Amino acid sequence: MKHIQVLASNELFYLRNSAAVQQEGQIVLSYCFSGTTNVAINATNYFVSPGTLLTLLPQSLVSSQQSSDDFQCVHLVFSFRTIDEMILPTNYNFLNVLVEQPLVVLELEDQALFEHYIGLFRQQESINSIFQADAKRYLLYSFIAHINRVYQQEEQAMQPSSRKDIIVFQFYNLLHQYYLVEKSVNFYADQLKLSPKYLTTLIRQRTGKSISKVITELVIIKAKTYLTATDYPIYQIAEQLHFADSTTFCRYFKTYVGETPKHYRQIHL
């Protein structure tokens, strides 16, 4: 469903917060208006203050937070499907950058711009029109373009997307929606109406990685996050990652990480 939620809150988007359940495939953009909070995202501690933007992808786990009494933020919550038609100048590493660097403190000029966008989103919430969904979606496209600009330091190196680049962008979009439940090349090729051989070759040409490696990297990031940011038992993490059982998960994890999930958790806590 291509739906955009605008949520004002006195806490960050929390993994176990029943008021705003985060499902696989969701993206959360959180902007701090006032107050401060200390928060752990993917087991890394961050300090959030006014003018801070947080980008939480499906891999992100917000495991703890301590906020001041005056802490206020606004969340924009949407799925990858909402932006499946959005094509920006190509940088395949951008999503990885967001995973590794989910927080950015905006310059004053950008703070004013981003707060204006938040105001526009809030206005759209009160407008009853058949055009509301499209208006919010295109507003989101524009907002994300500015987020992309804030993160990119080498815009001159970015080129307009070719047809092949668009396919790669669409592949990554699908991947972030389905990587936990669909790990075969055939699934993504079918979704993109391409042959598995063509898609495999294209992804390797554009990224230098095989599709299986790209999928594995995402699964391992999620697994490491569960191990360090939650107290879930190993069997429950295996279930969350859609493995047949904990034995299969442990074997998979050790193959790619070089140590068992239990040992990894012990040395990283």
Q: Please indicate, with yes or no, whether at least one residue in region 80-101 is at pLDDT 90 or above, among the aliphatic types (A, V, I, L, M) and surrounded by 15 or more Cβ atoms within 10 Å (Cβ to Cβ).
A: no
Q.
For region 36-51, give me the residue count where each residue is open to solvent by less than 10 Å² (accessible area, probe 1.4 Å) and more than 27 Å from residue 269 (Cα to Cα).
A. 1
**Q.** Condition broken by residue 229, with the remaining ones in (1) buried (at least 17 other Cβ atoms within 10 Å of the Cβ); (2) modelled with pLDDT of 90 or more satisfied
**A.** (2)
Q: Scan region 102-116 for residues that are in contact (Cβ under 8 Å) with a residue 24 or more places away in the chain, open to solvent by 20 Å² or more (accessible area, probe 1.4 Å) and not in a strand (DSSP E or B) and jot them down.
A: 108, 110, 111, 113, 115
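Please tell me if residue 206 is over 28 Å from residue 39 (Cβ atoms) and touching a residue at least 40 places away in the same chain (Cβ under 8 Å). Can you show your working first?
Values: over 28 Å from residue 39 (Cβ atoms): yes; touching a residue at least 40 places away in the same chain (Cβ under 8 Å): yes.
Yes: the conditions hold for residue 206.
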Q) Residue check: is residue 189 crowded, with 18+ Cβ neighbours inside 10 Å and modelled with pLDDT of 90 or more? A) yes
Q | Residue within region 9-24 that is at pLDDT 90 or above, open to solvent by 30 Å² or more (accessible area, probe 1.4 Å) and in contact with a Gly (Cβ under 9 Å, 6 or more places away or on another chain) present | A | no
(Q) Criterion first (β-branched (Val, Ile, Thr) and modelled with pLDDT of 90 or more) does residue 74 satisfy it? (A) yes
Q | Lone unmet requirement of (1) loosely packed, with under 15 Cβ neighbours inside 10 Å; (2) at pLDDT 75 or above for residue 1 | A | (2)
Q. Under 7 Å by Cβ, and 6 or more places apart or on different chains, what pairs join a residue from region 234-245 that is within 16 Å of residue 221 (Cα to Cα) with one that is outside any loop (DSSP other than H, G, I, E, B) and of a type in the set (Ser, Thr, Tyr)?
A. 234/246; 237/226; 238/246; 240/226; 243/252
(Q) I need the full set of residues from region 25-54 which are over 20 Å from residue 118 (Cβ atoms), at pLDDT 85 or above and part of a loop (DSSP other than H, G, I, E, B), in order please. (A) none
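At least 2 residues that are touching a Leu at 6+ places or on another chain (Cβ under 9 Å) and among the basic types (Lys, Arg) in each: list the helices (runs of 4 or more DSSP H) lying fully within region 202-269 that qualify. First the steps, then the outcome.
On the way: elements: 211-229, 234-240, 246-257, 261-268.
Helices (runs of 4 or more DSSP H) meeting the threshold: 261-268.
The values are calculated or read from the model by the stated rules, or taken from the named source; none is laboratory data. These numbers were taken from a predicted model, which means no experiment stands behind them. Reconstructed Cβ throughout: ideal geometry from the backbone, glycine too, with neighbour counts over all protein chains shown. Please note that ligands, DNA and RNA were not included when accessible areas were found on the heavy atoms of the full protein model with its side chains. Shrake-Rupley method; radii C 1.70, N 1.55, O 1.52, S 1.80 Å.
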